[in-house]
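Contents: one structure, followed by commentary.
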Amino acid sequence: MSHRQSRFLALAVVLGLSGCAEVASGPFTPQADEAVAGAERGSVLGLQREAYTANALMDFEEAESRYRESAIRSGDAFSRGGIAQLEQELYLALNKSNLGEFEPAEALFARSLREIERKGSLVSRVKARVFYAQHLLNQGRAADAIGEADGAVALGMPALTGTAPAEGQTMPFEDAFIIEAGGVEIPETTSRMLRGDGSGDLSGAVSTGRLSPTEQLRVLIAQSHYVAAAGALATTSDLDAPARLAEARMLLDEVPSGTALWLRAEIARLAADHALASGEIGVSVEESDRAVRIARRFGAGERPEALLRMQQGRIRLEAGDEPGAFSSYERALDILSRGGRGVSLDALSPYFGLLERNTPGPEAEKAAFRALQQLRNPVTSGTLARLAARLSAGDSAAAQAIRDLQDAERAVNREAALLDRLTAQPEQHVSAIRLTRARLAEAEAAQAAAQAAVASSAPNYAQIIDSSVTLEDFRARLRPGELFVQLRLGQTGGVVMGVTTDTIALRQIELTEPEAEALVDRVRESVYNPFFDVEAARALYVAIFGPIDEVVRNATSVVFAPDGPLLSIPAGLMISDEPTGYTGQSLDYSSVPWFGTESAVSVSLSLASFHHLRGAAPSAAARPFRGFGDFVPFGQAAVGLVRGRRDAPDVCDDVFGQLGQLSPLPGTAQEVRSLSQIAGASSDANLLGEQFTDAALRQTDLSDARVLHFATHGLLPISADCLPEPSLATSLGPDGDGLLEASEIVELALDADLVVLSACDTGGRGAGSALGTGFRGAGGEALSGLVRAFFYAGARNVVASHWLVPDAETVQLMERLYTGLASGESPSSAIRDARRSLAREPATSHPFYWAAFSVIGDAARQSRIAGLPQAARAHRIARGGVPTP
């Protein structure tokens, strides 16, 4: 390595080898900043700082993207397996753990822990153990986390107490590298370490404004005590959690006050919860207020403040301060409504209780409507974040417009947070407030311009970001008699809201997510049993729709936005009345009042998704139909080829081996041909067999068809490194990888009123299920990401199956669906009538035959499918190999 390098590399060395990103106390000195002016943006240093900031603000998807890019760039400068690379892997591993991707995180930890223990400094080794302890805690392995945290304390404390020398302190900063006006000089000692030839590393090198090794140890050991305390409180361990938190605070008192603010806030949060559980309400209020004050120092107006505000609201409610609690929750919602991952129902449940107890009125309705939109499942949020990242990459006009919008939104959030911080100070600086308000106005104007640009170049971006909608705007798009029902579930209960053009019915319900999952499991398992679980299907309807039964019965059509496990079954499978004409253990279900045969019920993914689709223009495509099917599995012999094309690690061979052995679906070729004839489409509109590849789909103009029909396997996510997204199986072809993933679907150009996924288990539960082809993941939530990808690409509705479907009856259902659409019915009415025609015949009355499919989107819209012959009902297709009850 040359002793003269660019400023770009100098910055990479500072952060990449100091290992200080997690515990940095402030920016570089002005002199260093001047020497490297303009070099930070896009550099390794800039990327690492962005990653750390995103991680501290709990934007883990953004952090992962920055960590990965930083690791790639640092790999150009540092030796493979050197300490710089290992610490990159360490940060990436913990970030993956924060995302809930525990298997790939474990793989990264396995390598970095072993190598850092062998050749890292004391600081690096303690950091590795602390991070791994946090990883264990993330998985709920509290006892293991406590043990690992105690190991980190035992390793690092002797250096602080003077019983052992702290490693990494012998090399002064000046000897590591020297910044000059023309570049940076890297001495030979440093150069050897960069190549991995040295006996140590540079994690002890300290620049002005950074933490010394001793200070780093204090922060890391404080973090160890915090992890141990959190584990103890989670398991009611004998470990004295308050003493651990006190020890952590004493350690942090010995480092600069601006250091590790996120950790200080977390310690206060944990102390507040412990005090509340111990009945010390006053202490709990004090600690929660402290946590909020600290969070506002590093993330005012950001997600950490919102989460701590919700804790503050819950504690104030316990203290009998309802106005204070309401104020805290409102502030949290102000922050969350500007965008982000959303929160769980458990975090906002006390707020809904407040709303329900207070006098109803227009303002309360608006508050409930706004709050409900912030309740998002983390699986869906993670998928949407990845899709947004994919869309913002590249050089297209749409990508640039999305990046500009993201930058503009960050600028608005930054100025709004600063203004909030300035106005909250006891001694307000009028000039600073005036200037910040002016900058905020400029940022908001830039945001409006960016939104207009995105609306022009990426009009369906709203489906990906799921931005909030006002109650007035939403109601304006509902039709008379139409009811939108939003469900959200938590660990201690749920909430259901029904919205019409003139009313809102908000009810807290007793059904918990685990209870709902148990009922859904019973229903799904009985789909393959001759004796369907009528009791469970009825119990689901009573628990969810019973509290708002009156408005449901008065509705002419129902749009249901389910949550969690409810996404894994069709809404129409629930039973809307007592099945008086049915006797237990009967095989004739024709008298059962199924929700999906009595009502025009469809599914929506969210309030915002439905609102956006309702405003979309109808398809202007010329073709009525395009079909795809009869994929060819790539087989075991092509596993290495597929892995190489996907640039996936060796550990994915087993996963790709499973994908390669998916069962072929030869009957789908005839299915597509038959439906193509029904639709009056020419045969050249279809891609079948070896022609049905992911590469061919990306290269074909699909915007010319009003209906797209995919007859293939639907696959759910397996892991972040092997198959991170929901996908459709295709043939391999010379250029593709045999998978059409959600992030590829968003790049298709569609103009479709309807996309039909006549696939095996596109809406199933994933790996834990013996009933589906999806290997892993939260099936319904993964389906949500797949459907949203089609919505972004230009679909208005998606029909998806929830279990392996029977051949002949599915063809009947599809033919009747298409015939209803041809006669002018909406998708929700057409599928209701198609279901009813099978459900009322004793021989096909079991739900296995008719209930698998859901219409997702704006199913009340009329589809323009011209020229469908009314008489085409003679087609019967046998795919074979599908079980029957």
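The values are calculated or read from the model by the stated rules, or taken from the named source; none is laboratory data. Everything numeric here is computed off the predicted structure, so don't read it as measured data. Cβ coordinates were reconstructed from backbone atoms using ideal geometry, including for glycine residues, and neighbour counts include every protein chain displayed. Heavy atoms of the whole protein, side chains included, go into the accessibility calculation; ligands, DNA and RNA do not. Shrake-Rupley method; radii C 1.70, N 1.55, O 1.52, S 1.80 Å.
Residue count for segment 568-578 satisfying the condition of being within 21 Å of Q508 (Cβ to Cβ) and either part of a helix (DSSP H, G or I) or modelled with pLDDT under 90 (or both): 1. Looking at T436, is it at pLDDT 85 or above and surrounded by 14 or more Cβ atoms within 10 Å (Cβ to Cβ)? Against the criterion (at pLDDT 85 or above and surrounded by 14 or more Cβ atoms within 10 Å (Cβ to Cβ)), T436 qualifies.
The condition of being assigned to a helix (DSSP H, G or I) and touching a Gly at 6+ places or on another chain (Cβ under 7 Å) holds for only one of S328, S288, that being S328.
The numbered conditions (1) assigned to a loop (DSSP other than H, G, I, E, B); (2) buried (at least 19 other Cβ atoms within 10 Å of the Cβ) are all true for G498 except (1).
When each of A347, A291, A325 is tested for being of a type outside the set (D, E), at pLDDT 90 or above, within 20 Å of V495 (Cα to Cα) and crowded, with 18+ Cβ neighbours inside 10 Å, the lone residue that passes is A325. Per the listing V559, V551, V601, the residue uniquely of a type in the set (V, I, T) and either outside any strand (DSSP E or B) or surrounded by fewer than 19 Cβ atoms within 10 Å (Cβ to Cβ) (or both) is V551. Looking across segment 110-142 at every residue that is more than 28 Å from the chain's Cα centre (by Cα) and surrounded by fewer than 16 Cβ atoms within 10 Å (Cβ to Cβ), the one that is farthest from A234 (Cα to Cα) is identified as R118.
Of everything in segment 573-589, what is open to solvent by 10 Å² or more (accessible area, probe 1.4 Å) and more than 19 Å from A555 (Cβ to Cβ)? Give them in sequence order. Give the steps one after another, and end with the answer.
Here is the first cut: in segment 573-589, the residues open to solvent by 10 Å² or more (accessible area, probe 1.4 Å) are 576-588.
E578, P579, T580, G581, Y582, T583, G584, Q585, S586, L587, D588, listed by residue number.
Taking A452 as meeting all but one of (1) under 30 Å from A399 (Cβ atoms); (2) open to solvent by less than 40 Å² (accessible area, probe 1.4 Å); (3) free of Cβ contacts under 8 Å to residues at least 24 places away in the same chain, write down the number of the exception. Against the list (1) under 30 Å from A399 (Cβ atoms); (2) open to solvent by less than 40 Å² (accessible area, probe 1.4 Å); (3) free of Cβ contacts under 8 Å to residues at least 24 places away in the same chain, A452 comes up short only on (2). Would you call A368 assigned to a helix (DSSP H, G or I), more than 28 Å from the chain's Cα centre (by Cα), over 21 Å from H274 (Cβ atoms) and among the aliphatic types (A, V, I, L, M)? Considered against the rule, which asks whether it is assigned to a helix (DSSP H, G or I), more than 28 Å from the chain's Cα centre (by Cα), over 21 Å from H274 (Cβ atoms) and among the aliphatic types (A, V, I, L, M), A368 comes out as no. Within the set A306, A272, the sole residue that is hydrophobic (A, V, I, L, M, F, W, C), in a helix (DSSP H, G or I), touching a Ser or Thr at 6+ places or on another chain (Cβ under 8 Å) and crowded, with 16+ Cβ neighbours inside 10 Å turns out to be A272. Here is the figure for segment 233-266: residues that are outside any loop (DSSP other than H, G, I, E, B) and either over 32 Å from the mean Cα position of the chain (by Cα) or under 21 Å from S288 (Cβ atoms) (or both) total 20. Taken together, G867, G785 contain a single residue that is farther than 30 Å from Q585 by Cα, assigned to a helix (DSSP H, G or I) and at pLDDT below 80, which is G785. Note on segment 310-325: residues that are over 15 Å from S344 (Cβ atoms) and part of a helix (DSSP H, G or I) total 9. Here V592 clears all of (1) among the β-branched types (V, I, T); (2) at pLDDT 90 or above; (3) surrounded by 17 or more Cβ atoms within 10 Å (Cβ to Cβ); (4) within 24 Å of V798 (Cβ to Cβ) except the condition numbered (4).
Checking the structure you have, find out if any residue of segment 477-490 is under 29 Å from the mean Cα position of the chain (by Cα) and surrounded by fewer than 18 Cβ atoms within 10 Å (Cβ to Cβ). Even if it seems obvious, please write down each step before you answer.
First pass over segment 477-490, keeping only residues under 29 Å from the mean Cα position of the chain (by Cα): 477-478, 483-490.
Now restrict to residues that are surrounded by fewer than 18 Cβ atoms within 10 Å (Cβ to Cβ): 477.
Checking segment 477-490: at least one residue is under 29 Å from the mean Cα position of the chain (by Cα) and surrounded by fewer than 18 Cβ atoms within 10 Å (Cβ to Cβ).
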